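The values are calculated or read from the model by the stated rules, or taken from the named source; none is laboratory data. Computed from a predicted structure; not experimentally measured. So basically every Cβ, Gly included, is an ideal-geometry build from the backbone, and we count neighbours across all protein chains shown. Ligands, DNA and RNA are excluded from the accessible area calculation, which covers all protein heavy atoms including side chains. Shrake-Rupley method; radii C 1.70, N 1.55, O 1.52, S 1.80 Å.
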Amino acid sequence: MPKQRKSRVYTRQRGGVNRHYADFRDFTDVGGKQEALIADGERSATTDPDIAAHLASERVQVLEAKRHKKTILGVTKETTLAAFAAHHLIAKKQGGKVTDDWLEYAEKALSRAINFLGAERDLESIKVEDVRQWNNALHKTPNGRGGMMSSGTVRHNLNSLSNLFRRAISEGFVQLNPVAGLMEKPVPNCQEAQWLEIPDAALLLEAARLHRDLYSATAYPLIGTFLLTGGRCAEVLGLEVNDVSFDRQTITLRPNQWRRLKTKKARRSVPLWPQLEEILRPYVFGADGPPGTLLFPSRRMKHMENREAMISDFRKLLDSVAVQAGWDKGDIRSKQFRHTYCAARLQTLDAGKPVSQWTVATELGHKTPDMISEVYGHLGTFRHRTEVVEYRVEQHSDVLGERLSTLHI
């Protein structure tokens, strides 16, 4: 093994200043050479001797780790972050266990990591401190809606990088996952779930029916399907036309090429309530009905190609309808619809008696009714016992009053 050189760091004059370099040729067996000592965020070798000493020390640690791995395992595998990210996404695609939307989200998250950490960054050189700095930077990243990236979104980005390192460990490129070593990981903000009273849901659905703008053809059937099935966001957006059976009076939620379901128990059929049939029948069979497989296809062509794609974001649609009904932008979001359905369903009758929580849990895709009683079982101030789930404004005109008469049509 070559002897370690006494003087590793040296300077060269560039542009009238002394810049620092280091000689790592005593590690030639693992790729060591003469290298510029470049600090994060800089493009040229540093002029600060203390920073140079620190960078040289970090580089030695990386090279020693490679040598140790070569000694123990007999091989040394190297790759850059960008190269392995591409390999990781291809492997995920070939595995067939994730959807295209999942891959698209993971690709965006890994692109953020590459932009911050460096495309040519040796995968094994990424340490916990690097991940911590990226985590801090993500919290300061604009979300495109006038705010900063939420803790939940930051966590999703970190999870994507962590998943990449898990593959890298399994394939012998690294020994440790730096994301797993991060002690203070962001935690999504836990807030009490919001939901709509039945008259409020009726008002929103009526506003969607009367809505006239870019989203006119989709607003009413989409919001109606959310409110009258209790489906999760991806479950509803990934529905296919064939999942709606007007003969059997059911809507089937099952995995398909567009998206997975959250759990095995999530595969289920829910009633096609009379109001939802009234909404979907003219939509499915009308002139503006879905042109392909998806019940609610995106208006945009996926990756500029002429092929179907799921809707990825419909917050503008919700804002447009909500404002018309008197809410502010951001007040109405799709998660509220699932809670609203559960609250409305719990007030229905089954053979003249209150519906069982087991029945409601099954329709929501839960294994037990625990989540119904602990999370979804909202009891509002309004009582509306019926045989079916429905939100009809004519039944609540006395409650809605002026709110109904002032819809901005």
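Considering only residues that are in contact (Cβ under 8 Å) with a residue 40 or more places away in the chain and touching a strand residue (DSSP E or B) at 6+ places or on another chain (Cβ under 9 Å), look in segment 104-137 and name the one that is farthest from ARG315 (Cα to Cα).
Among residues in segment 104-137 that are in contact (Cβ under 8 Å) with a residue 40 or more places away in the chain and touching a strand residue (DSSP E or B) at 6+ places or on another chain (Cβ under 9 Å), the one farthest from ARG315 (Cα to Cα) is ASP122.
Quick one: which of PRO282, PRO297, PRO291 is free of Cβ contacts under 8 Å to residues at least 24 places away in the same chain and within 24 Å of TYR105 (Cα to Cα)?
Among PRO282, PRO297, PRO291, only PRO297 is free of Cβ contacts under 8 Å to residues at least 24 places away in the same chain and within 24 Å of TYR105 (Cα to Cα).
I'd like the residue in segment 115-140 that is more than 23 Å from VAL187 (Cβ to Cβ) and either open to solvent by 80 Å² or more (accessible area, probe 1.4 Å) or hydroxyl-bearing (Ser, Thr, Tyr) (or both) and, out of all such residues, is modelled with the highest pLDDT.
Among those residues, the one meeting the criterion is ASN115.
Look at segment 235-264 and say how many of its residues are in a helix (DSSP H, G or I), of a type in the set (A, V, I, L, M) and under 20 Å from the mean Cα position of the chain (by Cα).
Taking segment 235-264 first, the residues in a helix (DSSP H, G or I) are 235-237, 241-243, 264.
Still in the running and of a type in the set (A, V, I, L, M): 236-237, 241.
If we keep only those that are under 20 Å from the mean Cα position of the chain (by Cα) too, we end up with 236-237.
Residues meeting the conditions: 2.
Counting only residues that are within 28 Å of ASP200 (Cα to Cα) and either of a type in the set (S, T, N, Q) or modelled with pLDDT under 85 (or both), which one in segment 286-309 is surrounded by the fewest Cβ atoms within 10 Å (Cβ to Cβ)?
ASP288
Which condition breaks for ASP243 when tested against (1) charged (D, E, K, R); (2) open to solvent by less than 10 Å² (accessible area, probe 1.4 Å); (3) under 19 Å from VAL360 (Cβ atoms)?
With respect to (1) charged (D, E, K, R); (2) open to solvent by less than 10 Å² (accessible area, probe 1.4 Å); (3) under 19 Å from VAL360 (Cβ atoms), ASP243 is out only on (3).
Can you name every one of the helices (runs of 4 or more DSSP H) wholly within segment 310-393 that holds 3 or more residues which are modelled with pLDDT of 90 or more and closer than 20 Å to ILE251 by Cα?
Answer list for segment 310-393: 334-345, 357-364.
Select from segment 75-90 the residues that are open to solvent by less than 30 Å² (accessible area, probe 1.4 Å) and in contact with a Lys or Arg (Cβ under 7 Å, 6 or more places away or on another chain) and write down the one among them that is farthest from ALA309 (Cα to Cα).
Per the stated criteria, the residue is LEU81.
Going through segment 96-146 one residue at a time, which ones are within 18 Å of ARG59 (Cβ to Cβ) and not charged (D, E, K, R)?
LEU117, GLY118, LEU123, SER125, ILE126, VAL128, GLN133
Could you list, ordered by first residue, the pairs with Cβ atoms under 6 Å in which the first is in segment 87-102 and touching a residue at least 60 places away in the same chain (Cβ under 8 Å) and the second is hydrophobic (A, V, I, L, M, F, W, C), at least 6 apart or interchain?
Pairs found: HIS88/LEU164.
Go through segment 226-235 residue by residue and tally those that are of a type outside the set (D, E, K, R) and surrounded by fewer than 23 Cβ atoms within 10 Å (Cβ to Cβ).
Final tally of qualifying residues: 2.
Does any residue in segment 206-234 that is within 18 Å of ALA287 (Cβ to Cβ) and in a helix (DSSP H, G or I) come within less than 7 Å, Cβ to Cβ, of a residue that is modelled with pLDDT under 95 and acidic (Asp, Glu) six or more places away or on a different chain, and which pairs are these?
ALA217/ASP288
Does any residue of segment 170-191 turn out to be buried (at least 17 other Cβ atoms within 10 Å of the Cβ), touching a residue at least 60 places away in the same chain (Cβ under 8 Å) and in a helix (DSSP H, G or I)?
No, there is no match, as no residue in segment 170-191 is buried (at least 17 other Cβ atoms within 10 Å of the Cβ), touching a residue at least 60 places away in the same chain (Cβ under 8 Å) and in a helix (DSSP H, G or I).
Starting from segment 20-31, take each residue that is under 16 Å from TYR10 (Cβ atoms) and list its partners that are in a helix (DSSP H, G or I) and modelled with pLDDT of 90 or more, counting only C-beta distances under 6 angstrom and pairs at least six apart or across chains.
Hits for this filter: HIS20/ALA52; ALA22/ALA56.
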